[in-house]
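Here the structure is laid out as structure tokens; the discussion comes afterwards.
The values are calculated or read from the model by the stated rules, or taken from the named source; none is laboratory data. Since the structure is predicted, the reported quantities are computational estimates derived from the model, not experimental observations. Using ideal geometry, Cβ is built from the backbone for each residue, glycine included, and neighbour counts are taken over all protein chains shown. For accessibility, only protein heavy atoms count, side chains too; no ligands or nucleic acids. Shrake-Rupley method; radii C 1.70, N 1.55, O 1.52, S 1.80 Å.
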Amino acid sequence: MAFVCCYLYSSLTSDSLNVTVSVFGGMGLNTNVIYSLSSVATVLGILGSILFGKLMAMKTASKVWGISMIGTAVFAIIWSRTASLAIGGKAGAALIIYAVGYLVCYVLTLVNAMLLSYQVLANWFPTKRGIAVGIATAGYPVSAATTTSFCGAMAANIGNFYIILAVIALIVGIIVLVYSKDFPEEKGAYPDNNHNFDFEAAKADFEKNMEYAKTSKWTIGKCLTTGRMWILWITVGIGGFLSMGIMSNFMGKFLEQGYQEGQIYLMLLIAGVIAIPGSFFIGWLDYKLGTKATAILINVLATVALIFNLTNIHVLHYVSLPILALMLGGSSNMMVACTQAIWGRYDFQNAFRVIQPLNAIMTGIGITVVGIVGTNFNYMTAYKVMLIMAIVSVITAIILKVEPIDEDVKRVNANL
């Protein structure tokens, strides 16, 4: 279910823009306005993450997740009306419907993919979180591999693209709402799928630690005032900026460098297909080598890929594809893995309610900045900016302490 959420978030808010911006632009909608909506979406994404974080704390992450997925389906159907209004000569109304559909779906798919589902995964897989999130975040590269060509094939009837994704969201929402629980213990299941887990022996610890979570000093305010949170934000936030900025403007960048659309579709397919096992591989590295080493590796890969793409050498562009694939497949893993490693299972919720909205700033700005700079100036300038950012992220990944943030966190997570 988390995999589908990642797919829908990437598909609706990023990868489809490679096609839909020009399609709706051809129908009379202002493309600069469409790109600028990503900045508005960033602000709404932050507010939405805060709101859904509070709802998650008041209710349960799994129930809020299911309702949010159903809401995604409703507004994706509303979004699908854009084309029919534009073709009917109502460009102003079409732009309003586009904006409503895009902005609401952005917020809902963001919190589904990067807040609610990640919270449940972190609870179910406290020590194998990297592998679990690696499976879920494979949805991003699967979208990268399929959305642009799928959406392009439906360009003549673009509304159907949104309806199909709405149906998928509705099915997942119902399944999550009916069957999901926040903790495996609530379903009689095993944390980390460890069948040697002794429920009776762990019951007292679990209940005691849940009480600890209610009174923990790691409130949202406390998380916001610790330096490690901000170093973590730079480290994982830049990865989000790069992923969304690169993938949402992939078509424009390579058209600028003389590639044909068919070649670019193939490049997206190559990157996406390689990134699918890449997500699993990054999760495995996190489990085997440690979260810090994996975070450094991902940001180094991003730097190398950007250097290759700043050349005019086509061979290097193709060599960069598997590197980009690993970066794409791993950047989202690190936000969850680092937060869990630093704040543990029982303080994860409050810490994640801080880092996730902060990360949403970077992903939203990535789409807007790269798109506007690329279309109004050139994509090489945008890539130079991203290269500087990638180097900064390597430095902060080296500085970041990926270990329990204090003795209380270390103590309550000692048995995991």
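How would you classify the stretch 59-198 from its alpha-carbon gyration tensor, with a ≥ b ≥ c the square roots of the eigenvalues: rounded for a/c under 1.5, else prolate if a/b is greater than b/c, otherwise oblate? Provide the component values of the computation, followed by the final result.
Working: a/c = 3.24, a/b = 2.22, b/c = 1.46.
It is prolate, given that a/c is not under 1.5 and a/b is the larger ratio.
Going by average Cβ density within 10 Å per residue, which order do the peptides 282-294, 84-96 take, highest to lowest? Let's see the in-between values first.
Working: 282-294: 20.5, 84-96: 15.6.
In decreasing order of mean packing, 282-294, 84-96 become 282-294, 84-96.
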- prompt: Under 16 Å Cα-Cα from LYS187, which lysines qualify once same-chain neighbours fewer than 8 residues away are excluded?
  reply: LYS63, LYS203
field: Residue-averaged 222 nm ellipticity for the chain, from DSSP H runs of 4+ at -39500 (n - 2.57), nearest 500
entry: -27000 deg cm²/dmol
task: For the stretch 24-35, just list the computed ³J(HN,Hα) in residue order, Karplus coefficients 6.51, -1.76 and 1.60, θ = phi - 60°, integers in Hz, with x standing in for Gly and Pro.
output: 6, x, x, 8, x, 7, 6, 5, 5, 5, 4, 5
field: Counted charge near ALA271, where neighbours are those whose Cβ lies closer than 14 Å (Asp, Glu -1; Lys, Arg +1)
entry: 0
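Taking 0.36 nm per intervening residue step and subtracting the Cα-Cα distance, what contour gain separates THR225 from VAL33 on full extension?
Net length gain for the segment: 65.6 nm.
Keeping every protein chain present and rolling a 1.4 Å probe, give me the accessible area per residue for the stretch 224-353 in Å². Write out the running numbers ahead of the final one.
Numbers: 4170 Å² over 130 residues.
Per residue, the stretch 224-353 has 32 Å² of solvent-accessible surface.
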- request: Enter the Cα centre distance for the pair the stretch 174-194 and the stretch 352-396, rounded to the nearest angstrom.
  value: 36
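Using DSSP to call loops (not H, G, I, E or B), can you name the trypsin sites (Lys or Arg not before Pro) in the stretch 308-416 whose Cβ has at most 14 other Cβ atoms within 10 angstrom? Don't skip to the answer; put the middle values down first.
Details: sites: ARG345, ARG353, LYS384, LYS401, LYS410, ARG411; in loops: LYS401.
Taking the stretch 308-416 and a limit of 14 other Cβ atoms within 10 Å, the loop trypsin sites (Lys or Arg not before Pro) found are LYS401.
So what's the net charge close to VAL354: Lys and Arg +1, Asp and Glu -1, counting the other residues with Cβ under 13 Å from its Cβ?
On the way: positive: LYS54, LYS222, ARG228, ARG353; negative: ASP347.
Once all neighbours under 13 Å are counted, the net charge is +3.
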- request: Using a 1.4 Å probe over the heavy atoms of the protein chains, calculate the carbon and sulfur portion of the accessible area of the chain as a whole percent.
  value: 69
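Can you classify the stretch 40-108 as rounded, prolate or oblate using the Cα gyration tensor, where a ≥ b ≥ c are the square roots of its eigenvalues, rounded means a/c under 1.5, and otherwise it's prolate if a/b beats b/c and oblate if not?
Working: a/c = 5.40, a/b = 2.21, b/c = 2.45.
Taking the square roots of the gyration eigenvalues as a ≥ b ≥ c, the stretch 40-108 is oblate.
Among the listed pairs LYS128/LYS222; LYS128/LYS217; LYS222/LYS384, which have their C-alpha atoms separated by more than 32 angstrom in this model? Show your work: numbers first, answer last.
Details: LYS128/LYS222 27 Å; LYS128/LYS217 26 Å; LYS222/LYS384 36 Å.
From the list (LYS128/LYS222; LYS128/LYS217; LYS222/LYS384), the Cα-Cα distance tops 32 Å for LYS222/LYS384.
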field: Shape category assigned to the stretch 299-389 from the gyration tensor of Cα positions, a/c cut at 1.5
entry: oblate
query: For the stretch 30-67 and the stretch 259-291, what is the separation of their Cα centres, given in Å?
result: 27
statement: Options [x] 23.3; [y] 22.1; [z] 21.4 are given for Kirkwood radius over Cα pairs in Å, and the computed one is [z]
- prompt: When we measure straight from the Cα of LYS214, which aspartates and glutamates land under 14 angstrom away, once same-chain ones fewer than 8 places off are left out?
  reply: ASP347, ASP408
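Sort 142-150, 251-259 by the packing proxy (mean of other Cβ within 10 Å over each peptide's residues), most packed first. Before the final figure, lay out the partial values.
Working: 142-150: 23.1, 251-259: 17.0.
Result, highest mean Cβ count within 10 Å first: 142-150, 251-259.
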